Amino acid sequence: MSTAYDELMAFTRETEALGQVAGRLGWDQETTMPRGAAAQRAEEMGALESVLHARRMDPRVSDWLAKAKGGDDEAKAHLRHIQRDFDRASKVPADLAAELARTTSMAQGIWAEARANDDFAAFAPTLERVLDLRRQEGAALADGGDPYDALLQDYEPGATAEQLDAMFGALRPRLVDLRDKVLGAPAPAALSGTFDESAQMKLSRQIAKTFGYDMSRGRVDKAVHPFSSGSGNDVRITTRTNPTDPFNCIYSTIHEVGHAAYEQNIDQAYLLTPLGRGVSMGVHESQSRIYENQLGRSRAFTGWLHGQMVDVFGDFGISDPDAFYGTVNRVHQGFIRTESDEVQYNLHVLLRFDLERQLIAGTLAVADLEEAWNTRFEADFGYAVDKPSNGVLQDVHWSVGLFGYFATYSLGNVYAGCLHEALSKAVPDLDAQLAAGDTAAATGWLRDNLQRHGGLYEPREVIERACGFAPNEAPLLSYLEAKFGEIYGV
Ligand code: ZN
């Protein structure tokens, strides 16, 4: 390869390393930073962000890109990622980028206060400002194309709203129908009692290891919102505990382990390069979701988990593994996306996807958003939103300008459905292994067929290579209808 390529890669490696440092400051802020350090930390992160921004737009990058051609598949993939980042950074005018950063950092606080007061009108003018700036950014990135599609590229390169709309349009009526049947049937018993929080953390760490999380290159801490942070050989996760709901801790942990295992299992040759990170939000979410749901909430695995919980907490009132499987997968009326079950979760996402497309297209005004939300919610869920904090104000995303992000949650579920179908064929005795608390064949299959590739292939391509068929919504629908049809007898 050319000298230009080598110079570009050396420069990029340093940028990637600085990006990891920025991520670790973010991790620290959510876990161990002293409260009094907040203002100083904001300045430190701002300084690092300016360095990163300048590096992304460095004129040498465009010179190197112009000279570095050809190479093997890995070199081509590196160049594709670097070119994409450079184009994105240079298409958005500097004053618009600065205004977006300023507005969204203030908007988050205004959103939090409006949510606490259940007052959408107090947030609406701020949301209008954020939306206006993101529409301008979308237009700048789109080059005459569709601004929403342009915004999607930040999270899911290659995806289009049209393609997602076809997938989600097929999901929605069958999920509404399944939700209707399930909520009309008698529900499995709910968990009751209290569960020691340090014992929950201990069990979670053990389950993290069960799912292949490498503790020598990671760690588990507590935070308000569970997340995974970092790539390569330093991938940390957080979880949370609730004394009356140990499932929150256990399944948040398994979810984040799915994200973290993806990052840990990427080929070491890609460390601190553009290929050394998960390729998209949708593919990332496919890993967290298949670990959490198709594996973690399966009848086989919950049978094993039941025994672990009895060992740790003693008799907690559900003595039968079959009943426990129903309890883990209990569907209940609820307003909050992040607390939703597998049946209703995607309905939450589809609602947001449709509304935000209309917001970006200008066919829905912010002033009408709350009413549009409530009408759609009642149509899909069969019960009415009682207050804005349980409806339009529940998620932080729009306040910080994340338009185009929600879709990747459901796309991840669709991908997880496809991967689970392929995995079940590749590992015929999957259930027997999970019933013994052994995930090695399942997580090994995901590592070898998907995770190790990092950013080498485009998102849809890496799923198709792993599954042997083009990603589509049918496997997820069959899985959900079979699973909940059986549990609820519908
Ligand atoms: Zn996730």
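We did not get these values from a lab; they are worked out from the coordinates using the rules stated. Here the structure is a predicted model, which is why all the values come from computation and not from measurement. Using ideal geometry, Cβ is built from the backbone for each residue, glycine included, and neighbour counts are taken over all protein chains shown.
Between Ser2 and Gln308, what is 0.36 nm times their sequence separation minus the Cα-Cα distance? Round to one decimal in nm.
104.6 nm
Which value, in debye to the nearest 20, describes the size of the charge dipole of the range 219-369 about its Cα centre when Lys and Arg Cβ atoms bear +1, Asp and Glu Cβ atoms bear -1, and nothing else is charged?
260 debye
Cα atoms only: what Rg and Dmax, in Å, come out for the range 3-145?
For the range 3-145, the Cα-based Rg and Dmax read 18.8, 59 Å.
Place a +1 charge on the Cβ of each Lys and Arg in the chain and a -1 charge on the Cβ of each Asp and Glu, then give the dipole magnitude about the Cα centre in debye, rounded to the nearest 20.
Roughly 680 debye, rounded to the nearest 20.
Starting from the Cα of Gln29, move 7 Å in the Cα-to-Cβ direction to define the label point; list residues of the range 205-235 whose amide nitrogen is under 17 Å from there.
Label zone hits: 223-230.
What is the extension gain from Thr244 to Val490, computed as 0.36 nm multiplied by their sequence separation minus the C-alpha to C-alpha distance, in nm to one decimal?
So the chain would gain 85.6 nm between Thr244 and Val490.
Which of the lysines could be linked to Lys483 by a straight reach, that is with a Cα gap under 24 Å, when you skip same-chain ones fewer than 8 residues away?
Lys483 reaches Lys181, Lys425.
Would you mind counting up the charge near Pro93? Only other residues with Cβ under 10 Å from its Cβ, with Lys and Arg at +1 and Asp and Glu at -1.
Once all neighbours under 10 Å are counted, the net charge is -2.
What list of ³J(HN,Hα) values in whole Hz, one per residue of the range 436-442 in order, does the Karplus curve 6.51 cos²θ - 1.76 cosθ + 1.60 (θ = phi - 60°) give from phi, with Gly and Pro shown as x?
Rounded to whole hertz, the list is 9, x, 10, 9, 4, 5, 5.
Indicate the gyration tensor shape class of the range 1-66 (rounded, prolate or oblate), computed on the Cα atoms with a ≥ b ≥ c the square roots of the eigenvalues: a/c under 1.5 is rounded; otherwise a/b larger than b/c is prolate and the rest oblate.
Judged from the Cα gyration tensor, the range 1-66 comes out prolate (a/c at least 1.5, a/b above b/c).
Are there chymotrypsin sites (Phe, Trp or Tyr not before Pro) in the range 364-426 that DSSP puts in a loop and that have at most 14 other Cβ atoms within 10 Å, and which ones?
Counting only loop positions with at most 14 other Cβ atoms within 10 Å, the chymotrypsin sites (Phe, Trp or Tyr not before Pro) in the range 364-426 are Tyr383.
Sticking to Cα atoms, compute the Rg of the chain to one decimal and its Dmax as the biggest Cα-Cα distance, whole number, in Å.
Rg then Dmax for the chain, in Å: 22.6, 68.
Taking θ = phi - 60°, what integer Hz values does the Karplus form 6.51 cos²θ - 1.76 cosθ + 1.60 yield along the range 320-328, in sequence order, with x for Gly and Pro?
Residue by residue, the range 320-328 yields 10, x, 5, 5, 4, 4, x, 5, 4 Hz.
Taking 0.36 nm per residue of sequence separation and subtracting the Cα-Cα distance, how much length would be gained by fully extending the chain between Glu44 and Ala470, in nm to one decimal?
148.9 nm
If I model a spin label as a point 7 Å beyond the Cα along the Cα-Cβ vector, how far apart are those points for Ile336 and Asp438 in nm?
Between Ile336 and Asp438, the simple spin-label model gives 3.9 nm.
In whole angstrom, how far apart do the alpha carbon centroids of the range 162-210 and the range 411-490 sit?
Taking the Cα centre of the range 411-490 as reference, the centre of the range 162-210 is 17 Å away.
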